[in-house]
Amino acid sequence: MIKLLIFVGAIFILWKLLTGDKKKKETERRKDQETKAASGQMVRDPMCGTFVPQDSDIRVREDDKVYCFCSYECRDKYIKQIGSSAGIEKKTSQE
């Protein structure tokens, strides 16, 4: 019976250590993102508003401005939006 209680206690302590570590990492990640956003290292995605690193791989250059995106979906939406606002339409071939 004592062995069972010690085993259960050890499992509980291990569980608390692991879940506490996840919460700590999450709060540190949030603080890091807030610091980067405040310092200008992160920029806002123009489509969904998510903060992304300024050196993101998903970018679109429009004139002299470079826009960074959180995903290819947001990038594609933006390209469609600027394409339609500029009056550019895809021509479809009729067979």
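This table checks each residue for (1) surrounded by 15 or more Cβ atoms within 10 Å (Cβ to Cβ); (2) in contact (Cβ under 8 Å) with a residue 60 or more places away in the chain; (3) at positive phi; (4) in a strand (DSSP E or B).
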| position | (1), (2), (3), (4) |
| --- | --- |
| LYS22 | no, no, no, no |
| GLU26 | no, no, no, no |
| GLU34 | no, no, no, no |
| PRO46 | yes, no, no, no |
| ASP57 | no, no, no, no |
| VAL60 | yes, no, no, yes |
| CYS70 | yes, no, no, no |
| ASP76 | no, no, no, no |
| GLY83 | no, no, no, no |
So, in region 46-95, of the ones that are closer than 18 Å to LYS36 by Cα and aromatic (Phe, Trp, Tyr), which residue ends up modelled with the lowest pLDDT? PHE51
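The values are calculated or read from the model by the stated rules, or taken from the named source; none is laboratory data. Treat the numbers as computed from the prediction; the structure is a model and nothing was measured. Heads up, the Cβs are rebuilt from the backbone with ideal geometry, glycines too, and the neighbour counts pull from every protein chain shown.
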